Amino acid sequence: MLSFAVLVITVSVIFQILASLFDLKTGEIPEGVNYGYVFLVLAISAVDAFSSADASLLIDTIIMGAAFFAVGFMLFYLGQWGGGDVKLMAGIGGSMGYLAHVGSIPQAAVFPFYVTYFVNMGFIAFPYVLIYGLILGIGNKRTGKEFLACFGNRKIQAFLVLSLTPSIAAVVFNLYQIAVLYLLIPPLVIAALYLKAVEKTALQDEVAVSELREGDVVAQDLYAGTEKIASRRDIEGFSSEDLAKVKKLAEEQKIPGKIMIKRGIKFAPVLFLSYVTVIFIGNFMEMAFRAFA
């Protein structure tokens with residue numbers, strides 16, 4: 001059983017490193033990397049389930065893979081992730097479902113492993129995305145204007161005030177260490193507002209139809225008259241057939257010659273680092289509470 005667990009971890013590390021390298025270099029994760037990762041995790045789990053006569057091994061792998069994929073798809077639907085990240089999550093979830101079943105993931109005192117993954121992701125993603133967003137935003141004049149404009153919204157003003165409530169409540173109950181930790185909430189809210197401004201202004205490109213590539217996802221639904229040609233919710237993006245159709249429609253002037261496409265943050269390295277910290281370190285939130293206690 002241990003050898004199968006080591007094999008799953010090894011496969012996961014190799015494929016996630018490959019995905020991260022491709023993502024950083026090209027902004028895309030090849031289909032072969034994602035599908036190969038998912039296939040190998042399922043294959044290893046199936047072999048172990050058969051050899052140990054424990055079908056729940058494979059069931060846990062499939063269920064957790066599907067659950068992680070669903071979370072990834074939700075973030076894609078909200079415009080935060082690219083399609084490659086969603087598929088990578090299926091392999092990550094499947095491998096963690098298997099490893100948890102065989103006892104190869106350290107059990108946190110409070111959080112189950114699947115919560116620990118997202119907790120650790122939050123700790124890793126915040127500085128990564130903030131620095132990434134700052135680099136993109138600095139070179140885009142529209143980002144600063146969009147960011148400052150959001151502070152004129154009364155709902156956002158009220159939300160910022162409310163973000164101070166947990167820290168104030170902790171002080172009232174003499175929980176000073178936790179109050180300090182809660183003071184991180186307002187900066188996190190402000191950072192989220194900035195990143196939303198970056199998404200609107202710096203993570204969308206106007207591209208000539210002739211320069212579109214397979215896998216590109218439109219920033220807004222594309223219509224030719226009343227017919228929807230491409231959806232911003234399409235995880236796969238343009239296929240070769242889609243590109244041929246879109247180019248023909250552009251030539252016929254039924255759609256614009258240039259369209260806006262999404263440029264997501266290269267997030268695969270964060271997914272990889274979140275994975276290895278869960279497997280080899282533990283829950284960052286519990287560590288933070290112990291440090292402040």
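The values are calculated or read from the model by the stated rules, or taken from the named source; none is laboratory data. None of the values given here were measured: they were computed from a predicted structure. Every residue, glycine as well, gets a Cβ built from its backbone with ideal geometry; the counts of neighbours run over all protein chains shown.
Given the conditions (1) farther than 17 Å from SER3 by Cβ; (2) touching a residue at least 40 places away in the same chain (Cβ under 8 Å); (3) not polar (S, T, N, Q), report the number of the one that VAL47 does not fulfil.
(1)
Yes or no, residue by residue, for (1) surrounded by 15 or more Cβ atoms within 10 Å (Cβ to Cβ); (2) more than 24 Å from ALA202 (Cβ to Cβ); (3) not basic (Lys, Arg):
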{"residue": "PHE111", "(1), (2), (3)": "yes, yes, yes"}
{"residue": "VAL115", "(1), (2), (3)": "no, yes, yes"}
{"residue": "ALA125", "(1), (2), (3)": "yes, no, yes"}
{"residue": "ARG142", "(1), (2), (3)": "no, no, no"}
{"residue": "ALA149", "(1), (2), (3)": "no, no, yes"}
{"residue": "ALA179", "(1), (2), (3)": "yes, yes, yes"}
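Go through the residues of the range 44-52 one by one and say whether even a single one is among the small types (Gly, Ala, Ser) and closer than 28 Å to LYS200 by Cα.
Scanning the range 44-52 turns up no residue that is among the small types (Gly, Ala, Ser) and closer than 28 Å to LYS200 by Cα.
Somewhere in the range 112-134, is a residue modelled with pLDDT of 80 or more, more than 22 Å from the chain's Cα centre (by Cα), assigned to a helix (DSSP H, G or I) and β-branched (Val, Ile, Thr)?
Within the range 112-134, not a single residue is modelled with pLDDT of 80 or more, more than 22 Å from the chain's Cα centre (by Cα), assigned to a helix (DSSP H, G or I) and β-branched (Val, Ile, Thr).
Do we have any residue at all in the range 83-102 that's under 27 Å from PRO186 (Cα atoms), under 17 Å from the mean Cα position of the chain (by Cα) and touching a residue at least 12 places away in the same chain (Cβ under 8 Å)?
no
So that you can scan it fast, the table gives a plain yes or no per residue for (1) touching a His at 6+ places or on another chain (Cβ under 8 Å); (2) closer than 30 Å to VAL180 by Cβ; (3) crowded, with 18+ Cβ neighbours inside 10 Å:
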{"position": "ALA219", "(1), (2), (3)": "no, no, yes"}
{"position": "LEU222", "(1), (2), (3)": "no, no, yes"}
{"position": "ARG232", "(1), (2), (3)": "no, no, no"}
{"position": "VAL246", "(1), (2), (3)": "no, no, yes"}
{"position": "LYS262", "(1), (2), (3)": "no, no, yes"}
{"position": "ILE265", "(1), (2), (3)": "no, yes, yes"}
{"position": "ILE279", "(1), (2), (3)": "no, yes, yes"}
{"position": "GLU286", "(1), (2), (3)": "no, yes, no"}
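Among ALA19, ALA66, ALA43, which is among the hydrophobic types (A, V, I, L, M, F, W, C), at pLDDT 90 or above and buried (at least 16 other Cβ atoms within 10 Å of the Cβ)?
ALA19
Which of the residues that make up the range 231-264 are hydrophobic (A, V, I, L, M, F, W, C) and within 22 Å of the chain's Cα centre (by Cα)? It would help to see each step written out before you state the result.
Restricting attention to the range 231-264, the residues satisfying the condition of being hydrophobic (A, V, I, L, M, F, W, C) are 235, 238, 243-244, 246, 249-250, 255, 259-261.
Of everything in the range 231-264, those that are hydrophobic (A, V, I, L, M, F, W, C) and within 22 Å of the chain's Cα centre (by Cα) turn out to be ILE235, PHE238, MET260, ILE261.
Return a yes/no flag: does the range 146-160 have any residue that is closer than 30 Å to PHE289 by Cα, free of Cβ contacts under 8 Å to residues at least 24 places away in the same chain, β-branched (Val, Ile, Thr) and not assigned by TED's automatic domain parsing to the domain that holds GLU252.
Filtering the range 146-160 for residues closer than 30 Å to PHE289 by Cα gives 156-160.
From the residues that got through so far, the ones that are free of Cβ contacts under 8 Å to residues at least 24 places away in the same chain too are 157-158.
Narrowing further to those that are β-branched (Val, Ile, Thr): none.
The answer is no, given that none of the residues of the range 146-160 is closer than 30 Å to PHE289 by Cα, free of Cβ contacts under 8 Å to residues at least 24 places away in the same chain, β-branched (Val, Ile, Thr) and not assigned by TED's automatic domain parsing to the domain that holds GLU252.
Among the listed residues ALA202, ALA268, ALA219, identify the single one that is small (Gly, Ala, Ser), in contact with a strand residue (DSSP E or B) (Cβ under 6 Å, 6 or more places away or on another chain) and either within 30 Å of PHE15 (Cα to Cα) or assigned by TED's automatic domain parsing to the domain that holds VAL11 (or both).
Of ALA202, ALA268, ALA219, the one residue that is small (Gly, Ala, Ser), in contact with a strand residue (DSSP E or B) (Cβ under 6 Å, 6 or more places away or on another chain) and either within 30 Å of PHE15 (Cα to Cα) or assigned by TED's automatic domain parsing to the domain that holds VAL11 (or both) is ALA219.
Do any helices (runs of 4 or more DSSP H) entirely within the range 176-285 hold 3 or more residues that are modelled with pLDDT under 85 and in contact with a helix residue (DSSP H, G or I) (Cβ under 7 Å, 6 or more places away or on another chain), and if so, which?
Per the criteria, 176-182, 185-202.
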